[in-house]
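Below is one structure, written out as structure tokens; the observations come after it.
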Amino acid sequence: HGSNFVVSAPGRRSQVYFGMTALRQKLMSMPNMLDPFRQPTFSESEDRAYIRYNSAPSHTSSYKDRNKTALGDLPLIAQPGMGTRVMMKKVVSQSLLAVDLAFEDPTNDENVKITGGYTKGLVMSSFIAVLPSLQFGFINGEMNTAAAAMRKALELRIGDATADSIWSFCVSVFCLGAIIGCSVGAQLADRRGRRFALICTSMIYALGSAIQASSAIGPQEGIELMILGRFVVGAAAGATTVVVPTYLGEVAPSHLRGELGTVFQLMMCIGILLGQVLGLPSLMGTEKLWPLYLMVVAIPSLMMLLLLGCLPESPRWLAGRSEAEQGRAKRVLAHLRGEAEDGINVRDEFNDLRAGTESGGSSGGSYGVRQLLRDAAVRDGLTITVICASVQQFSGINNMFNYSSSFLAAGGMSPETMSLVAVLMNIGNVVITLASTLLMDRAGRKVLLLSSAGGMFLSTLAITAALATPGAEWSSPLAVISVCSFVMAFGIGMGPIPWLLPAEMFPAEKCATGMSMAATSNWMANFIVGQAFLVISANLGGYCFMPFAVVQLVFLMYVARRVPETRGKSLDQIMKELKAR
């Protein structure tokens, strides 16, 4: 304001710098700039170039206006720490070392050095980190299509009240294990590091799946082993929902944080699809193969062990520790960004990490749930993340997956068609989550959350209309369409974003604990909704999804008023914005 030229884009403001060589030539050839860019002078510091104008301190100009001036033909150079990226012809330069090259030939995009993107180190570390997400998804889907073979081996007859109750507990004990896993995973990630927690989580999946598979020894011991195995893999799942999103949010550069954060949900959806497809009776859901089917979860654990050398520690976690660890954080950043350790971008990003840690306050040693609840610095972020995580389940998504076959059958749909619809729902969930990965850093978190909640609300009304008019010719097709649209609306925002936000709203030493709170509330909501839905359905009949519609509508208004946009912002920027609200 008054010294640096400011460009106001819709809804945001960013500082813009021009290439040093090209700008100097431009200013020398045009000493009298057109209004409103009056009497400019040019100066350079060690690593940045500035343009000074004798304009009013409050003066700003839009990007469209700038194109009409004498500077309109100069490409813009985005700098580290900017709230948004500035692009020309889909090319971004974030390195001042490449500024001169950017203007040697403005028509040649290859002259611009692009940094801060998907490097080999970032892609490999992210791939290894999301392997537990794949395991999480597979565990979620394994008790569905292969259930008949498993129940037969355990002598739990379908239709028998006692057997149904035992099988229901085998399935639901998973949530109880997850609640414990959230807390343990957070403590492990904070004390021993994100990398160690990821490794332990993946190994626990392998242990739990082995216990489940051993239930094939006989019905009496088998039931106990199945319950124990489900509890163990549930604990791993709870830790996964804490550690994986935290790690992804801490290794990604700010402008890719949304895309990488969505990969957690994407891999989980792929895992669910694999679990459902491999568990079909025509594949591995048979009396002989179901123990091997349960052991498929151990394959990603083996992959992680083989690729451990490519999995670095989180640079944000290291940056908040001793000086030796801070030096290691710079080396990890250089590896992830594909740049020299003493490079400008690595230095600036490391400073941002340190600033985010300092703005969160000192943890004062042990930092747990009690300290988090009393910490005013993160209270707003905690409220937002817990509400988003809880509403993800109170939106009714799991009931849509678990009980859609019931009301589709009531509409006269054959079992084969219902199986096809179930597989198509999961395929649609994968596809739409992949789309959200591409949109996350383009449309923004808030826009996708609003679109998702609005789409789920409209789909719920359509589902209710279909269920309230059984027997009508249009009710069954409407039910299928509305169920699929509900799942797709969920996948675009409500699915991935609640897992992404904690890594954006908590400093490193508080992130795992904050993520644990959000994940625990998610699992508790999951358990409550699962237990309550049958009672709600028995009392409300065709209107059983209306309570979820009310939750979706209230959440829609909450997001519009209280949830900030976090796309492309550093932790320090986000925390300052939350404090200003």
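The values are calculated or read from the model by the stated rules, or taken from the named source; none is laboratory data. Predicted model only: the values in this text are computed from it and were never measured. Don't worry about glycine lacking a Cβ; one is built from the backbone with ideal geometry, like all the others, and counts go over all protein chains shown. Please note that ligands, DNA and RNA were not included when accessible areas were found on the heavy atoms of the full protein model with its side chains. Shrake-Rupley method; radii C 1.70, N 1.55, O 1.52, S 1.80 Å.
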(request) Hey, can you tell me all the residues within segment 263-306 that are open to solvent by less than 50 Å² (accessible area, probe 1.4 Å) and within 28 Å of ARG328 (Cβ to Cβ)? (result) VAL263, PHE264, MET267, PRO300, SER301, MET304
(message) Given (1) under 30 Å from ASN429 (Cα atoms); (2) in a helix (DSSP H, G or I), identify the lone condition not met by GLU287.
(response) (2)
(request) Within segment 318-338, work out how many residues are open to solvent by 20 Å² or more (accessible area, probe 1.4 Å), on the phi < 0 side of the Ramachandran plot and in contact (Cβ under 8 Å) with a residue 60 or more places away in the chain. (result) 2
(request) Say whether the condition of being at pLDDT 90 or above, touching a helix residue (DSSP H, G or I) at 6+ places or on another chain (Cβ under 8 Å) and either under 19 Å from TRP523 (Cα atoms) or not in a helix (DSSP H, G or I) (or both) is met by at least one residue in segment 168-177. (result) yes
(message) Could you list, ordered by first residue, the pairs with Cβ atoms under 8 Å in which the first is in segment 385-409 and closer than 14 Å to MET456 by Cα and of a type in the set (A, V, I, L, M) and the second is at pLDDT 80 or above and open to solvent by 20 Å² or more (accessible area, probe 1.4 Å), at least 6 apart or interchain?
(response) VAL391/VAL551
(request) With the condition kept exactly as written, say whether any residue in segment 456-468 is small (Gly, Ala, Ser), modelled with pLDDT of 90 or more and under 24 Å from the mean Cα position of the chain (by Cα). (result) yes
(message) Restricting to segment 129-148, name every residue that is farther than 15 Å from VAL242 by Cα and part of a helix (DSSP H, G or I).
(response) PHE138, ILE139, ASN140, GLY141, ALA147, ALA148
(request) Quickly run through segment 532-546 and pick out the residues that are assigned to a helix (DSSP H, G or I) and in contact (Cβ under 8 Å) with a residue 60 or more places away in the chain. (result) PHE533, SER537, GLY541, GLY542, TYR543, MET546
(message) For the condition outside any helix (DSSP H, G or I) and either under 29 Å from PHE490 (Cβ atoms) or at pLDDT 90 or above (or both), what is the one hit in PRO312, PRO245?
(response) PRO312
(request) Quick one: MET226 ticks every box in (1) more than 25 Å from PHE264 (Cβ to Cβ); (2) open to solvent by 30 Å² or more (accessible area, probe 1.4 Å); (3) touching a residue at least 60 places away in the same chain (Cβ under 8 Å) except a single one, so which number is it? (result) (2)
(request) Mind listing just one residue for me: the one in segment 150-167 that is assigned to a helix (DSSP H, G or I) and open to solvent by 60 Å² or more (accessible area, probe 1.4 Å) and, of those, nearest to GLU287 (Cα to Cα)? (result) LYS152
(request) From the list GLY381, GLY365, pick out the single residue that is open to solvent by 40 Å² or more (accessible area, probe 1.4 Å) and either part of a loop (DSSP other than H, G, I, E, B) or modelled with pLDDT of 80 or more (or both). (result) GLY365
(request) List every residue pair whose Cβ atoms sit under 6 Å apart, with the two residues 6 or more apart in sequence or on different chains, where the first one lies in segment 515-526 and is within 21 Å of ASP380 (Cβ to Cβ) and the second, anywhere, is modelled with pLDDT under 90 and surrounded by fewer than 22 Cβ atoms within 10 Å (Cβ to Cβ). (result) SER516/SER183; THR520/ILE179
(request) Mind counting the residues in segment 546-574 that are more than 21 Å from PRO502 (Cα to Cα) and modelled with pLDDT under 90? (result) 0
(request) Kindly list the number of the only condition in (1) open to solvent by less than 20 Å² (accessible area, probe 1.4 Å); (2) touching a Ser or Thr at 6+ places or on another chain (Cβ under 9 Å); (3) not polar (S, T, N, Q) that fails for ALA147. (result) (2)
(message) Suppose we keep only residues that are in a helix (DSSP H, G or I), touching a Gly at 6+ places or on another chain (Cβ under 8 Å) and of a type in the set (A, V, I, L, M) within segment 463-496. Which one would you say is nearest to ALA518 (Cα to Cα)?
(response) ILE492
(message) Just to be sure before I move on: is GLU341 at pLDDT below 75 and surrounded by fewer than 21 Cβ atoms within 10 Å (Cβ to Cβ) in the structure I sent?
(response) no
(request) Look at ALA213 and say whether it is in contact (Cβ under 8 Å) with a residue 24 or more places away in the chain, in a helix (DSSP H, G or I) and within 26 Å of MET524 (Cα to Cα). (result) no
(request) Would you tally the residues in segment 187-217 being more than 30 Å from GLY514 (Cα to Cα) and open to solvent by 10 Å² or more (accessible area, probe 1.4 Å)? (result) 6
(request) Could you figure out which of (1) at pLDDT 90 or above; (2) touching a Ser or Thr at 6+ places or on another chain (Cβ under 7 Å) isn't true of GLU250? (result) (1)
(request) For segment 467-518, enumerate the residues that are of a type in the set (A, V, I, L, M), within 27 Å of VAL184 (Cβ to Cβ) and open to solvent by less than 10 Å² (accessible area, probe 1.4 Å). (result) MET494, ILE497, LEU500, LEU501, ALA503, MET505, ALA508, ALA512, MET515, ALA518
